[in-house]
Amino acid sequence: AAKDAGKNAFRLFAESMEQNLQDRLRLEDELRKALITGENLFVFYQPIVNTRTDSITAREALMRWYSRELGWVSPTVFIPVAEQSGLIERLSQFVLHRACRDAMRWPDGARVAVNISAAQLGLGTLGDMIATTLESSGLPATRLEIEVTEAALVDDESRVMEELYQLRATGVHIALDDFGTGYSSLSHIHRFPFDKIKIDGSFVRDSTTRPDYAAMVRTIADIGHRLGVTTVAEGVETQAHLETIRAEGCQEMQGYVYARPAPEPHDRDTVDRLNAQAAKPAA
Ligand code: C2E
Ligand code: MG
Ligand code: MG
Ligand code: MG
């Protein structure tokens, strides 16, 4: 009986693998089509705010996708698919172009922060892509910020480092995203040319109830301060979070307590219409 159960378990596993593969291929197919036409692909923006002055220093570009077949698909689902299927370069191009164009219209002159996946950084084509996009949009390099995670730094370290130093030399700002998760290392902070460290939301969330988390936030903020690197608390959802991260010395913050990611005015009607026909609204 145990053997039969084992066989059954294997069969179920194999079936679900096949199902997952089919889902993935369908998703990939849909995403490829969307990237060609640009249909129902949006870039939402979420403000990043100075904790003392409340002024907006930057807005993070966050991709949103409504698939006719699948409804709203989270970037945590479709970004990995894009990375694995060779679509990431086209996707980065799309977001960069939109982000620079949209930022040109912002009267407050805030920077725009664009997420760059580790897979894109490894290709070695980012510098040219950014230079071309800045030129065609007219956005000054100093108004663009890219966000990279530490996963991007471990692969081909010296090449990625060179690429980032070259970008930094053109005036583009560089932020280390999701700090405190995964491969976090202090050496990354001082060996790579970061202007900004974004402390992962998981630390922020627990900092109000757990002194050890608050201590970590304080320590990262201190290190940033001493090295001249701006620290940003991510995922600041409540007034209590905000008070804590302010007390622990974070210079900037980003989170639902201030604003959720939102579409630009020219996309609002389309997004409302899609939300009305979808089960899950885009957040
Ligand atoms: P991320 O770069 O760390 O972006 C921050 C995420 O936290 C966003 O999720 C944002 O909506 C969410 N967030 C903001 N404030 C709060 C808050 O107060 N509480 C909570 N619980 N969450 C908050 P989102 O938009 O779902 O994006 C998820 C991830 O997908 C991003 O994490 C980023 O890694 C990736 N991503 C999104 N857009 C792009 C893109 O255009 N290119 C690439 N390569 N990756 C992207
Ligand atoms: Mg980010
Ligand atoms: Mg982050
Ligand atoms: Mg993240």
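The values are calculated or read from the model by the stated rules, or taken from the named source; none is laboratory data. Bear in mind the structure is a predicted one, so any value in this text is a computation, not a measurement. Note that each Cβ is placed from the backbone with ideal geometry, even for glycine, and that neighbours are counted across all protein chains shown.
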Response to the item:
Exception for I245 within (1) under 18 Å from the mean Cα position of the chain (by Cα); (2) away from ligand 4 (no atom under 16 Å from the Cβ); (3) not small (G, A, S) falls at (1)
Worksheet item: Of all residues in segment 239-283, which are of a type in the set (V, I, T), away from ligand 1 (no atom under 12 Å from the Cβ) and surrounded by 15 or more Cβ atoms within 10 Å (Cβ to Cβ)?
Response: T244, V271
Worksheet entry | Positions within segment 59-78 being within 16 Å of ligand 4 (Cβ to nearest atom) and aliphatic (A, V, I, L, M), in sequence order | A61, L62, M63, V77
Worksheet, complete the sentence: Subset of segment 139-152, residues touching a Lys or Arg at 6+ places or on another chain (Cβ under 9 Å) and not hydroxyl-bearing (S, T, Y), comes to L139, R143, L144, E145, E147
Item to complete: Working carefully through the options H266, H225, find the one that is more than 16 Å from ligand 3 (Cβ to nearest atom) and under 30 Å from N40 (Cα atoms).
Response: H266
Discussion item. Of everything in segment 145-187, what is of a type in the set (S, T, N, Q), closer than 16 Å to T231 by Cα and either at pLDDT 90 or above or under 19 Å from the mean Cα position of the chain (by Cα) (or both)? Give them in sequence order.
Written reply: T149, T181, S184
Worksheet item: So, of the residues in segment 67-124 that are within 16 Å of ligand 2 (Cβ to nearest atom) and part of a strand (DSSP E or B), which turns out to be farthest from E147 (Cα to Cα)?
Response: R111
Discussion item. Given the criterion touching a Gly at 6+ places or on another chain (Cβ under 9 Å), under 27 Å from I174 (Cβ atoms), basic (K, R) and not in a strand (DSSP E or B), identify the matching residue among R205, R226, R246.
Written reply: R205
Worksheet item: Going by the structure shown, is D23 at pLDDT below 95 and exposed (fewer than 10 other Cβ atoms within 10 Å of the Cβ)?
Response: no
